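Colleague: Have a look at the structure that comes next, please.
Only the coordinates and a few stated rules stand behind these numbers; no lab work does. Values in this document were obtained by computation on a predicted structure and should not be read as measured data. Virtual Cβ from ideal backbone geometry, glycine too; neighbours counted across all protein chains shown.
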Amino acid sequence: MKDKNRIIVDYIAVEWASKAKSQSSFAREHNIDEKTVREIKYNKDYTISLNTIIRICEAKEMKLCDFFKLLDI
């Protein structure tokens with residue numbers, strides 16, 4: 001079974017970050033650092049912080065609980 005952190009990071013990387021115009025635009029639009037976007041997309045050992053998840057969800061106008069329901073965790 002996949003680690004919950006990995007499920008979260010993979011979802012953000014595949015479903016949102018990779019579909020953005022660029023890493024810098026995704027970072028700007030979601031109030032996170034561009035380095036964080038690179039970590040999400042390319043670092044298989046990256047541990048995402050709750051603060052980063054909250055910022056991304058706020059930018060998506062999504063409640064945190066809805067995000068976790070979406071991922072079924």
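Colleague: Over 10 Å intervals from 0, what percent of Cα-Cα pairs in the stretch 4-70 sits in each interval?
Modeller: 22, 63, 15
Colleague: Residues with beta-carbon under 14 Å from that of Phe68, excluding Phe68: net charge, scoring Lys, Arg +1 and Asp, Glu -1?
Modeller: +2
Colleague: If each of Lys63 and Ser18 carries a label point 7 Å out from its Cα toward its Cβ, how far apart are those two points in nm?
Modeller: Taking the simple label geometry, Lys63 and Ser18 are separated by 3.0 nm.
Colleague: Something else about it: So what are the ³J(HN,Hα) numbers for the stretch 35-43, from phi and the Karplus equation (6.51, -1.76, 1.60; θ = phi - 60°), rounded to whole Hz, Gly and Pro as x?
Modeller: Listing the rounded values in order: 4, 5, 4, 4, 4, 4, 6, 10, 9 Hz.
Colleague: Now for a different question. Ranking request for peptides 44-50, 11-17: highest mean number of other beta-carbon atoms within 10 Å first, then the rest in descending order.
Modeller: Result, highest mean first: 11-17, 44-50.
Colleague: Order of Ile32, Ile40 from fewest to most other C-beta atoms within 10 Å?
Modeller: Ile32, Ile40
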